[in-house]
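The values are calculated or read from the model by the stated rules, or taken from the named source; none is laboratory data. Only a predicted model underlies this, so the values are computations on that prediction, with no experimental measurement involved. FYI the Cβ positions are ideal-geometry reconstructions off the backbone, even for glycines, and counts take in every protein chain you see.
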Amino acid sequence: MTNPFQLLGISDDVVNAVKDLGFETPTPIQEQSIPVLLEGTNDFVGLAQTGTGKTAAFGLPLLELIDFKINKPQALILCPTRELCLQITNDLKNFSKNIANAHVVAVYGGANIMQQLREIRQGVQIVVATPGRMLDIIGRKAIDFSSVKYVVLDEADEMLNMGFQDDINDILSTTPDDKKTWLFSATMPAEVRRIAKNYMDNPVELTMGTKNTGNVNIEHEYYIVRARDKYAALKRIVDFNPEIFAVVFCKTKLDTQDVAEHLIKDGYNADALHGDLSQQQRDKVMQRFRERNMQLLIATDVAARGIDVSGVTHVINYSLPDEIESYTHRSGRTGRAGKTGISICIINSKEVGKIRQLERIIGKQFTKAELPTGFDVCEKQLFSLVHKVHNVEVNVEQIDQYIPRIMDEFKDLSKEDVIKRFASLEFNRFLDYYSKAPDLNAAVGDDRGERGERGERAGRGRGSEGYTRLFINLGSVDEFTRGDMLSFICNNGKIGGKSVGKIDLKGVFSFFEVEDAVADTVFEGFKAVEFNGRQVRIEKSGDSGRGEGAGGGERRGGGERRSGGGGFGGERRSGGGGGYRGGGDRKSSGGGSGRREGGNSGGGFRDFSGRSRDDKGGNTGGPRREGGNREGGSGERRKKW
Ligand code: AMP
């Protein structure tokens, strides 16, 4: 039987490569665009969501059109983020693995430019780039685009949102006039229309699905809660979905940190991803998420842009995005490659109007969902455990030796008793948490307790008596041990070790306490400190003025409960071993970053004056842009609510 990709005009080498990737039939976007693009004679505008198979839709025709005998750049693909750049490059390398002499290079900021220049010098036919670094390389006269025949602008709407318009103009001016331009965009705001008009000649336009219609595989739900109950609502949603693998979106970097910190502390396997992290930190976080060593990725819009992680079950909008269009990008992180997914909005009663707006824009109805009761959660968790036990793979070889002793231990109990006890072991834990769990659902118009943005924070801890608790944007992923952090604080804050209190080392950030009397000195000392080329930021923790637990009172792991919580404590779940989160098939138990803390104690090549001795950063390509520091950056051009 002829392969359907072959029928579209793709050659055997490439067909075999995509077969190896498990692509059996083309996705609708591939079916529609491959024949058009293969002609190679048209400009093209494709209105398509992410996750629809867009990369192969333009990548496969490109591979057919390029002359791989010539070692000159013939195709340039521009995309908004480093993550997407790496993804596209990786996809193209996979698609072209059977083509002799095919060379694809990824050009992006925040990585060693020398290596990228070396690859370019060796000869490449396809360049995949983020605009900032591309311009840098063009500025160094290190690339010759005179043979470029095709330019792809991927996620064009996002590149414009991120303010890359001028950079794109400059880059395109170095390519031949007669090249063909293919533009892909999830949405078609006026700015993208203008680009299409300016850069293209009578483009073929294809709309995959209805204009602006969200992915059909995604269901949209919203929960109405009082602002102060947001965090508790998030936890309840997570608890009610024991197998959840989700991206949780917050509006600001600080909120992502807040929420991640609280989730970690409450025993969930979570971490934050935002633009204040170094490239290395972001890579580590993403790697953990991709490998499913982390269950909840708390992210800003920009940082999560273009992430293609398969199997994301839920996208949770902890806050609605400022720009309506971001919702499509957010929800597109789930329901990828034909799988189904749920996009959840946790809103307050004043935001129902925004949901109606979203419904109009994506052309889909949202379901108003009710937060489960504590009892519902307990039941769900219990049966999830029962299910897991039923399906667990038994390592007969290892366990057999213990069976006689175990049987002996249980000899006075009936099978039913054993099952009851075993199930209770975990069930009781959840019962404890949820025994007095309040109903978190708020009615429309119920504004009690609304406190606006400040109130939506997960809440941050306060320092111990006489100490100020400070946040620092460095953590164990920067290979800091507690000892390292102590000397880092002392050296830069110009204080003695005795003035430093508790150090709470997290994955990508940490908290530390200093005596109130020296807090100002420490602030002063850290004003211009860099670490590995990155500005070190310290902030006063607890600025949001709230205690732990965000008032929701549903602490999952309460061992370390601090003032103001008012929640149900219970045992600390993370590290307790044998909890739902600790056991089963998860590689790391709750607490996320904690696992790493001990591991990296070797200490890196680091200069504790705060300045990096590692010069391989080469961030000249505009980390301001590509490093993700743009959260909220150029939003004014986007459509607001
Ligand atoms: P993209 O929109 O290009 O980011 O693709 C989304 C996901 O779908 C990626 O994980 C691709 O590997 C996968 N994919 C793309 N095309 C196909 C196909 N024809 N069959 C199965 N999976 C695909």
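Among (1) within 14 Å of the ligand (Cβ to nearest atom); (2) out of contact with any Ser or Thr (no Cβ under 8 Å at 6 or more places or on another chain); (3) among the small types (Gly, Ala, Ser), which single condition is Ala17 missing?
Unmet for Ala17, out of (1) within 14 Å of the ligand (Cβ to nearest atom); (2) out of contact with any Ser or Thr (no Cβ under 8 Å at 6 or more places or on another chain); (3) among the small types (Gly, Ala, Ser): (2).
Between Gly132, Gly109, which is within 22 Å of the chain's Cα centre (by Cα), closer than 20 Å to Gly533 by Cβ, in a helix (DSSP H, G or I) and more than 15 Å from the ligand (Cβ to nearest atom)?
Exactly one of Gly132, Gly109 is within 22 Å of the chain's Cα centre (by Cα), closer than 20 Å to Gly533 by Cβ, in a helix (DSSP H, G or I) and more than 15 Å from the ligand (Cβ to nearest atom), namely Gly132.
Could you check how many residues of the range 158-181 are more than 24 Å from Asp136 (Cβ to Cβ) and surrounded by 18 or more Cβ atoms within 10 Å (Cβ to Cβ)?
1
For Ile137, are the conditions met, namely being assigned to a helix (DSSP H, G or I), surrounded by 20 or more Cβ atoms within 10 Å (Cβ to Cβ) and modelled with pLDDT under 95?
no
Within the range 1-14, how many residues are under 33 Å from the mean Cα position of the chain (by Cα) and more than 12 Å from the ligand (Cβ to nearest atom)?
Qualifying residue count for the region: 1.
Kindly indicate the residue of the range 323-378 that is within 18 Å of Ile29 (Cβ to Cβ) and more than 16 Å from the ligand (Cβ to nearest atom) and also surrounded by the fewest Cβ atoms within 10 Å (Cβ to Cβ) among those meeting that condition.
My answer is Gly363.
What about Leu38, is it touching a helix residue (DSSP H, G or I) at 6+ places or on another chain (Cβ under 7 Å), more than 30 Å from Ala303 (Cα to Cα), away from the ligand (no atom under 15 Å from the Cβ) and not β-branched (Val, Ile, Thr)?
Here the answer is yes, as Leu38 does meet what is asked.
Which residues, counting only those in the range 295-342, are modelled with pLDDT under 85 and among the aliphatic types (A, V, I, L, M)?
Within the range 295-342, Val302, Ala303, Ala304, Ile307, Val309, Ile324, Ala337 qualify.
Determine if the range 41-54 includes at least one residue that is surrounded by fewer than 17 Cβ atoms within 10 Å (Cβ to Cβ) and either outside any helix (DSSP H, G or I) or near the ligand (Cβ under 8 Å from one of its atoms) (or both).
The answer is yes, given that some residue of the range 41-54 is surrounded by fewer than 17 Cβ atoms within 10 Å (Cβ to Cβ) and either outside any helix (DSSP H, G or I) or near the ligand (Cβ under 8 Å from one of its atoms) (or both).
Which ones in the range 318-358 are closer than 24 Å to Tyr231 by Cβ and assigned to a loop (DSSP other than H, G, I, E, B)?
Tyr318, Ser319, Leu320, Pro321, Asp322, Arg333, Thr334, Asn348 - these are the residues of the range 318-358 that are closer than 24 Å to Tyr231 by Cβ and assigned to a loop (DSSP other than H, G, I, E, B).
Which one is farthest from Val18 (Cα to Cα), of the residues in the range 64-103 that are crowded, with 24+ Cβ neighbours inside 10 Å, over 20 Å from the mean Cα position of the chain (by Cα) and within 15 Å of the ligand (Cβ to nearest atom)?
In this case the residue turns out to be Ile77.
Any residue at all in the range 385-402 that is surrounded by 18 or more Cβ atoms within 10 Å (Cβ to Cβ) and either under 23 Å from Asn441 (Cα atoms) or hydrophobic (A, V, I, L, M, F, W, C) (or both)?
yes
What do you reckon, is Ile168 modelled with pLDDT of 95 or more and not in a strand (DSSP E or B)?
no
Pairs needed: first member in the range 47-61, under 17 Å from Met159 (Cα atoms); second member anywhere, within 6 Å of the ligand (Cβ to nearest atom) and among the basic types (Lys, Arg); C-beta distance under 6 Å; at least 6 residues apart or different chains.
Between residues of the range 47-61 that are under 17 Å from Met159 (Cα atoms) and residues that are within 6 Å of the ligand (Cβ to nearest atom) and among the basic types (Lys, Arg), the close pairs are Ala48/Lys54.
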